[in-house]
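Each remark here refers to the structure printed beneath this line.
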Amino acid sequence: MTARLLVFDSGIGGLSVLREIRRKLPSAEIAYVADDAAFPYGDWDAAPLSEHIVALMGRLIERFRPDAVVIACNTASTLVLPPLRALHPIPFIGTVPAIKPAAERSKSHVVGVLATPGTMKRDYTRELIRSFATDCHVRLVGSSELAPLAEAVMRGDAVDDGAIRAEIEPAFIEVEGRRTDTIVLACTHYPFLIDRLEAVAPWPVGWIDPAEAIARRVLSVLSLTAEPAGSPMVEGQAFLTSGKPWAPAQLRLLAQFGLSGSVRA
Ligand code: DGL
């Protein structure tokens with residue numbers, strides 16, 4: 001059996017999650033939708049963002065008829081999973097800050113969370129910290145710039161190291177002689193910056209990207225098993241809500257994940 005999946009993000013950061021889904025389920029039929037018309041989600045107020053995503057998702061589900069939807073966006077998942085699940089009788093797999101694994105892995109018990117301002121403010125995120133990281137000092141950093149910088153890198157634009165460093169530096173702290181040793185990438189765009197993050201980090205840390213765990217969750221929700229490595233990949237399609245043309249560098253990136261860039265979602 002092959003699955004029909006709708007993978008959704010505000011931009012193309014959600015491809016970091018799709019990459020892991022592709023590794024396990026190359027035969028899945030994929031529609032990837034980037035809501036670039038509304039990007040970045042990080043600075044939106046919660047109520048209008050929730051309304052916007054719920055309305056858009058209604059149209060997308062009607063059009064693509066997926067077996068499941070992957071919300072490959074922390075800013076959206078920490079807000080809209082309950083209303084989406086209440087409205088549509090299909091599974092929604094979300095992406096939320098990987099605070100639990102970070103707290104388990106940290107030896108210094110000083111953990112940084114890099115996220116958008118929206119994700120940083122959510123009750124959902126605060127609750128994750130209260131439930132799973134009470135023995136840690138958690139520094140939540142909400143950046144308006146980092147996701148747009150990642151989009152720029154993925155479009156092939158030059159991005160200054162200093163600009164990236166300025167966004168991540170507040171996550172590197174020292175508390176009673178213990179330093180941040182683990183940082184959660186709580187925005188699906190950030191794994192595409194990992195080489196740059198490692199290069200500009202004030203000191204080495206472990207970076208937590210939950211994409212592989214999300215892909216495992218997709219399989220378990222759909223009762224599927226991973227396909228053998230090297231299985232042929234079924235070509236999927238990616239859509240932009242703005243109807244703008246895809247940039248050449250974006251098309252090359254999409255091709256790596258077996259996607260071709262289509263017209264308006
Ligand atoms: N990729 C999105 C996330 O995981 C956020 C980017 C944005 O601000 O739209 O939170």
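The values are calculated or read from the model by the stated rules, or taken from the named source; none is laboratory data. A quick note: this is a predicted structure, and the numbers were derived from the prediction, not measured. Cβ: placed from backbone, ideal geometry, glycine included. Neighbour counts: every protein chain shown.
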Note on segment 222-232: residues surrounded by 16 or more Cβ atoms within 10 Å (Cβ to Cβ) and of a type in the set (A, V, I, L, M, F, W, C) are Leu222, Leu224
State yes or no: is Leu240 surrounded by 14 or more Cβ atoms within 10 Å (Cβ to Cβ) and within 29 Å of Glu104 (Cβ to Cβ)? no
Looking at the structure I just gave you, is Ile71 within 15 Å of the ligand (Cβ to nearest atom) and closer than 19 Å to Leu222 by Cα? yes
If we keep only residues of segment 1-33 that are in a loop (DSSP other than H, G, I, E, B) and touching a Cys at 6+ places or on another chain (Cβ under 8 Å), then the residue surrounded by the fewest Cβ atoms within 10 Å (Cβ to Cβ) is Gly14
Residue, surrounded by the most Cβ atoms within 10 Å (Cβ to Cβ), within segment 34-53, restricted to residues that are under 18 Å from Ala152 (Cα atoms) and either away from the ligand (no atom under 13 Å from the Cβ) or among the hydrophobic types (A, V, I, L, M, F, W, C) (or both): Ala34
Matching residues, segment 142-200, being of a type in the set (Lys, Arg) and over 21 Å from the mean Cα position of the chain (by Cα): Arg178, Arg179
Test result for Met1, modelled with pLDDT under 95 and not aromatic (Phe, Trp, Tyr): yes
Those residues of segment 211-258 which are of a type in the set (Gly, Ala, Ser) and in a loop (DSSP other than H, G, I, E, B), in sequence order: Ser223, Ala226, Ala229, Gly230, Ser231, Ser242, Gly243, Ala247, Gly258
Reported set for segment 166-187 where residues are crowded, with 21+ Cβ neighbours inside 10 Å and more than 14 Å from Ser143 (Cβ to Cβ) is Thr180, Thr182
Can you tell which of Leu60, Leu79, Leu84, Leu56 is touching a Lys or Arg at 6+ places or on another chain (Cβ under 8 Å), assigned to a helix (DSSP H, G or I) and surrounded by 13 or more Cβ atoms within 10 Å (Cβ to Cβ)? Leu79
Within segment 103-113, does at least one residue satisfy the condition of being at pLDDT 95 or above, within 12 Å of the ligand (Cβ to nearest atom), out of contact with any helix residue (DSSP H, G or I) (no Cβ under 6 Å at 6 or more places or on another chain) and not in a helix (DSSP H, G or I)? yes
Since Val218 meets every condition but one in (1) under 20 Å from the mean Cα position of the chain (by Cα); (2) loosely packed, with under 15 Cβ neighbours inside 10 Å, which condition does it not meet? (2)
Filter segment 126-144 for residues that are β-branched (Val, Ile, Thr) and farther than 20 Å from Thr116 by Cβ and give the result. Thr134
